[in-house]
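The values are calculated or read from the model by the stated rules, or taken from the named source; none is laboratory data. Please read all numbers here as calculations on a predicted model, not as lab measurements. Cβ placement follows ideal geometry from the backbone for every residue including glycine, while neighbour counts extend to all protein chains displayed.
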Amino acid sequence: MNLNKETYKEYKQYPEKVLQFGEGNFLRAFVDWQIDKMNKEAGFNGSVVVVQPIEFGLVDKLNEQDGLYTLYLQGMNEGKAIAEHSVINSISRGINPYTQHDEYLKIAENPELRFVFSNTTEAGIAYDETDKLEDKPQKSFPGKLTALMYHRFKTFDGSKDKGLIIIPCELIDRNGDKLKEIILKLAGHWNLEAEFATWINEANTFCSTLVDRIVPGYPRDTIKEITQELGYVDNLVNVGEHFHLFIIEGPKWIENEFPASKAGLNVKFVDDMTPYRTRKVRILNGSHTSLVPVSYLYGLNTVAQSVEHEVMGKFIKDTIYDEIIPTLDLPEEELSYYAKVVLERFMNPFVKHYLMSISLNSMSKYETRDLPSLLQFVKIKKELPKRLVFSLAALMEFYKGKRGEEVIKLSDDADVLELYKTAWDNCDGSEVALKKLVTTILSYKKVWKMDLNEVKGLTDAVTHYLTSIEKVGTVEAIKEVL
């Protein structure tokens, strides 16, 4: 038995209020799940038309299942491991604009259409000067959206009450602002009438966002057991964690139309998303990045192992609470709660998050995620944050490429790998040589955007920790900073 509206007896059809670019795992476990909850618990009464942003994708499978799919939410909640599943009934249909272009443009003619969501990867919000209005369709996502919005503008004679609320979910900073900027640029490039640009500016609302939920996606390893448990075949089973956070920077009135709070969802409408973005980058991403080299050299392999470990668990908790949180502007109570949730997420027994899988480009990750905390800590406390500094020393040891006799498969830009190879090849292990290595790495402005040797005491502190790691190993060396 296959999952579809014939076999799912609770199937409901709702007015198409939402246009969504992207049919992948994340949006289905995040936005579409939220809309399903709002339909059931907050009277949203709306469905999603999904547009496949590239030529080949999942809309055929979606249509075969009448937009239905099963979502498993697995993870820690208040210290308990919880797994639950439900059928999501918020997608009405899927459209491939490469084979159904007229049908795609027709979406714009629906007077009830109100929202546009997207997740077309970080590279999706980009200007393509080769896009033309007459293309069927345009190559880029902004090109496709501009053509659709122009069709809506023409259909309703520029009526101000037919504007849309555009909420992109791509993982780039100021995503809404950048999307709007490209749409206006395309309107100019296509020589569209000035009234269209005015309509874009005055009738439409572009929101920048921060999205947060880990979505492992289709459970290939356990799909046989899942099918047996469900009692039906679902080719679009999706898996996500319990935790979710949606920060939407935009006017408060949107909340009346998108009643997430009434459905108990963790969605915040804010005037400025910057503090929340900083919180996520510093606490969640920053703790990940500071943990990886230390824990891996310690002999551990996954995030969950690390957080549950007596020594590494203390290291990462102390790093977050004593060295990262003091550098942030949000209320301490809110930061502490977020940190608690982050640590719970790290211990999710349903997700094996390997340290090596998140070691990609660790140098640039340290620069964006941990270095701001280090520098801010120095500015506020007038001293170095010893755990973040120890992590930086461990990072340099990690890039030596060996864990005991095991070769570490380093993954970074060629220039970074060459920098470390040359530095370690010329290092004889003496303290003088190690200080030269540290000085060389800290002066690499291409990554750090500054010469870190200018931070008072940092060169000597990193050298001290790196020397200790080299001489006695990470297991002994870390005791000094606990």
Original post:
Would you call L284 outside the structural domain of L410 (by TED's automatic domain parsing) and of a type in the set (A, V, I, L, M, F, W, C)?
Top reply: no
**OP:** Go through the residues of segment 361-372 one by one and say whether even a single one is in contact with a strand residue (DSSP E or B) (Cβ under 8 Å, 6 or more places away or on another chain) and within 20 Å of G313 (Cα to Cα).
**Re:** no
Subject >> Single condition L374 does not satisfy, out of (1) aliphatic (A, V, I, L, M); (2) at pLDDT 95 or above; (3) farther than 27 Å from S468 by Cβ >> reply: (3)
Original post:
Is it true that E10 is in contact (Cβ under 8 Å) with a residue 60 or more places away in the chain, crowded, with 21+ Cβ neighbours inside 10 Å and part of a loop (DSSP other than H, G, I, E, B)?
Top reply: no
Subject >> Which listed residue is modelled with pLDDT under 95 and of a type in the set (D, E, K, R), from K381, K317, K365 >> reply: K365
**OP:** Please work out if F141 is of a type outside the set (S, T, N, Q) and over 24 Å from the mean Cα position of the chain (by Cα).
**Re:** no
**OP:** Please specify each residue of segment 181-196 satisfying the condition of being among the aliphatic types (A, V, I, L, M) and in a loop (DSSP other than H, G, I, E, B).
**Re:** L192
**OP:** Mind counting the residues in segment 363-398 that are polar (S, T, N, Q), closer than 30 Å to V239 by Cβ and buried (at least 23 other Cβ atoms within 10 Å of the Cβ)?
**Re:** 0
**OP:** Write out, first by first residue and then by second, each pair whose Cβ atoms fall under 9 Å of each other, whose residues are 6+ apart or on separate chains, and whose first residue, in segment 91-114, is in contact (Cβ under 8 Å) with a residue 24 or more places away in the chain and farther than 24 Å from F30 by Cα while the second is β-branched (V, I, T) and part of a strand (DSSP E or B).
**Re:** N110/V49
**OP:** Kindly provide the set of residues from segment 243-281 that are more than 20 Å from N77 (Cα to Cα), within 15 Å of the chain's Cα centre (by Cα) and assigned to a strand (DSSP E or B), ordered by number.
**Re:** I247, I248
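Matching residues to (1) part of a strand (DSSP E or B); (2) surrounded by fewer than 19 Cβ atoms within 10 Å (Cβ to Cβ); (3) among the aliphatic types (A, V, I, L, M); (4) in contact (Cβ under 8 Å) with a residue 40 or more places away in the chain:
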{"site": "G286", "(1), (2), (3), (4)": "no, no, no, yes"}
{"site": "S295", "(1), (2), (3), (4)": "no, no, no, yes"}
{"site": "V311", "(1), (2), (3), (4)": "no, yes, yes, yes"}
{"site": "K314", "(1), (2), (3), (4)": "no, yes, no, yes"}
**OP:** Working only within segment 446-475, note down all residues that are surrounded by fewer than 19 Cβ atoms within 10 Å (Cβ to Cβ) and among the aromatic types (F, W, Y).
**Re:** W448
Subject >> Residues satisfying the stated conditions in segment 197-231, i.e. assigned to a helix (DSSP H, G or I) and in contact with a strand residue (DSSP E or B) (Cβ under 8 Å, 6 or more places away or on another chain) >> reply: I226, T227, L230
**OP:** Could you check how many residues of segment 39-90 are part of a loop (DSSP other than H, G, I, E, B), at pLDDT 95 or above and over 22 Å from the mean Cα position of the chain (by Cα)?
**Re:** 11
**OP:** Would you mind stating whether N4 is surrounded by fewer than 23 Cβ atoms within 10 Å (Cβ to Cβ), touching a Pro at 6+ places or on another chain (Cβ under 9 Å) and either free of Cβ contacts under 8 Å to residues at least 24 places away in the same chain or part of a loop (DSSP other than H, G, I, E, B) (or both)?
**Re:** no
Original post:
In segment 394-469, which helices (runs of 4 or more DSSP H) lie fully inside it and hold 2 or more residues that are assigned by TED's automatic domain parsing to the domain that holds N301, touching a residue at least 60 places away in the same chain (Cβ under 8 Å) and under 27 Å from K379 (Cα atoms)?
Top reply: 445-448
**OP:** Considering every residue within segment 333-354, establish whether at least one is closer than 18 Å to L452 by Cβ, in the same structural domain as H288 (by TED's automatic domain parsing), assigned to a loop (DSSP other than H, G, I, E, B) and not charged (D, E, K, R).
**Re:** no
